[in-house]
Amino acid sequence: MRRRWLVLATAIAAGGCGRDVATRAGVPYDDRFGADVMDVYLPVDGATARPAVMFIHGGGWSAGSRDHHTDHATRLAEAGYVTATVDYRLVPTAAYPAQEQDAQCALAFLRAHATDWGLDPARVAVVGYSAGGHLVSLLGVASDEPDFQPDCAAGPTPPPQAVISGAGPQDIRIWTAIDSVRDMVGGSIDAVPERWDRLSPITHVRADAPPFLFIHGSSDWIVPVAQSRDMRDALVAAGVDARLLELAGDGHLTGVGGASGREDLGVISIDPPEAWLALTDFLADTVGTP
Amino acid sequence: MKPALTLALVAAHLAALAATTRADDGAALTTVSLEPRAFAAHGLAVEAERDVPAHRLSLAAALAVRSTAGGDYDSTTLGAGVELRYWLRRRAVWTHRPRGAAVGWYLAARLDLSRTALRDAMDTSLGAMTTLGTAALVGYRFAPWRGLEVRPYAGLAVRTDTGGGLPAWTRGSLGYGLALGWTF
């Protein structure tokens, strides 16, 4: 028991006990658009063919940056995964289908640099939160949708081997009155109904989709937890390995504090220990451990 | 729910103890409180606070249990915390307490330690993480009726997770809460 406390105290004092990580910051994955850059985190351990995890940020498709996931990417890189955080073109500068095309292009670019960065292109997971959770879900079920095919140099790419969607919209047709969603789609549901369908991951559910993990707070009033529940149920019905971690009391940008019952602002559903434990177990089952 | 029942019994015991401890001048010294927000996380957080009027301080000890994970998972978090409060003026609006009682504005430093274990739908253990939390808080205690306390608070919190096969991870947040309790 004393030894366990000593290990804990040492780990906390050291701020972590993972591998050293080298960072490639601001790597352009599509030279045509200034916004299309990624940060890549490489474990410095000489290993090759490591599993990789790519993070896509949220922000209602109109805000946010790859910096949202710097801590998450660094932590997994210290654990031995090659990780990347991605920026993409935002609304209103770019609308349908730019965001999903960029997500596909970033995934293709990461795989195209497998040798350079020591990753296995057949073991790549994607993680997204909120709008990022929507984009990674589309990567999982709609990568062959003609409208979403990237025309960047890295070219089209198969779906990722695993998808982790945190509080992600799975059926955007419930937000027809929200301006930012209409701007992302590029028109109202009356004007371009096919786009609203196409941008709803739940309409693309298929038996050959990769495994999914959904992480969602039950008190999320921005993206209701029913979005993840329904998508999980649809995938399971199609025979796909799909799991849901529902966090009681968590909101979209708030979490219930550890031992105190306090509510913490700025804590998202992929932050708590429960989420990390589910995430690492899911990664081990799908893309393997480093 | 066994841990929650245990915690409820501990809370009742603390309350009974508190009822027997009063200062020589009859001023209430012990407060037992709950965090209603913890119920939303399928948890229970109980705190017992002892006033030390001579030093304008009070010391609180907290126990918490919650089972936050649902869907295809289940979890148990057990936690304990201590908080040292410095009472600035010991006066508060909407309060009926003897002069010098632990009411009004306070500053606090808090330390929490908790352990979270996750299981999947087959009840297979998926590991556990330990979280060390520290917080600097400011709060205000009202005592609007008899022994009732209403105590909103807010502040900055820092947490470090270890375990689960991952490197330690430290993050900060802005926290707020509301405690409801009874002073004996």
Fill in the blank from the handout: A:GLU246 passes all but one of the listed conditions (1) more than 7 Å from chain B (Cβ to nearest Cβ); (2) of a type in the set (Asp, Glu); (3) open to solvent by 10 Å² or more (accessible area, probe 1.4 Å); the exception is number (1)
Practice task
Only residues that are out of contact with any Gly (no Cβ under 8 Å at 6 or more places or on another chain) and either outside any strand (DSSP E or B) or farther than 30 Å from A:ALA226 by Cα (or both): list them for the range B:61-92, please.
Solution key: B:ASP72, B:ALA80, B:VAL82, B:GLU83, B:LEU84, B:TYR86
Exercise for the section: Report yes if some residue within the range B:146-169 is at negative phi and not in a strand (DSSP E or B); otherwise report no. Expected result: yes
Practice task
State which residue pairs qualify: first residue without any contact (Cβ under 8 Å) to a residue 12 or more places away in the chain and more than 7 Å from chain B (Cβ to nearest Cβ) and inside the range A:262-282, second residue open to solvent by less than 10 Å² (accessible area, probe 1.4 Å) and part of a loop (DSSP other than H, G, I, E, B) in any location, beta carbons under 9 Å apart, and separation of 6 or more residues or different chains.
Solution key: none
Problem - Positions within the range A:261-282 being small (Gly, Ala, Ser) and farther than 21 Å from B:VAL65 by Cα, in sequence order - result: A:GLY266
Practice task
Note down all Cβ pairs under 9 Å where the first residue falls in the range B:162-174 and is at the interface with another protein chain (Cβ under 7 Å from one of its Cβ atoms), the second is open to solvent by 30 Å² or more (accessible area, probe 1.4 Å) and of a type in the set (Ser, Thr, Tyr), and they're at least six residues apart or on different chains.
Solution key: B:GLY165/A:THR289; B:PRO167/A:THR74; B:TRP169/A:THR74
Practice task
Assess whether B:ALA92 counts as being in contact (Cβ under 8 Å) with a residue 60 or more places away in the chain and either over 27 Å from A:ALA77 (Cβ atoms) or within 20 Å of the chain's Cα centre (by Cα) (or both).
Solution key: no
Handout entry: Lone qualifier among A:LEU253, A:LEU235, A:LEU247 - being under 16 Å from A:PRO272 (Cβ atoms) and at pLDDT 95 or above
Key = A:LEU247
Practice task
Scan the range B:71-101 for residues that are more than 18 Å from B:VAL46 (Cβ to Cβ) and open to solvent by less than 20 Å² (accessible area, probe 1.4 Å) and report the count.
Solution key: 4
Problem - Subset tally (residues that are assigned to a loop (DSSP other than H, G, I, E, B), open to solvent by less than 10 Å² (accessible area, probe 1.4 Å) and without any contact (Cβ under 8 Å) to a residue 40 or more places away in the chain) for the range A:123-163 - result: 0
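Each row is one residue, and each column tells you yes or no for (1) β-branched (Val, Ile, Thr); (2) at the interface with chain A (Cβ under 9 Å from one of its Cβ atoms); (3) out of contact with any Asp or Glu (no Cβ under 6 Å at 6 or more places or on another chain).
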| residue | (1), (2), (3) |
| --- | --- |
| B:THR77 | yes, yes, yes |
| B:LEU84 | no, no, yes |
| B:ALA92 | no, no, yes |
| B:ARG99 | no, no, yes |
| B:ARG115 | no, yes, yes |
| B:ALA121 | no, yes, no |
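The values are calculated or read from the model by the stated rules, or taken from the named source; none is laboratory data. Keep in mind the model is a prediction, meaning the values are calculated, not measured. Neighbour counts run over all protein chains shown; Cβ positions are idealised from the backbone, glycine included. These accessible areas exclude ligands, DNA and RNA; they are computed on the full protein's heavy atoms, side chains included. Shrake-Rupley method; radii C 1.70, N 1.55, O 1.52, S 1.80 Å.
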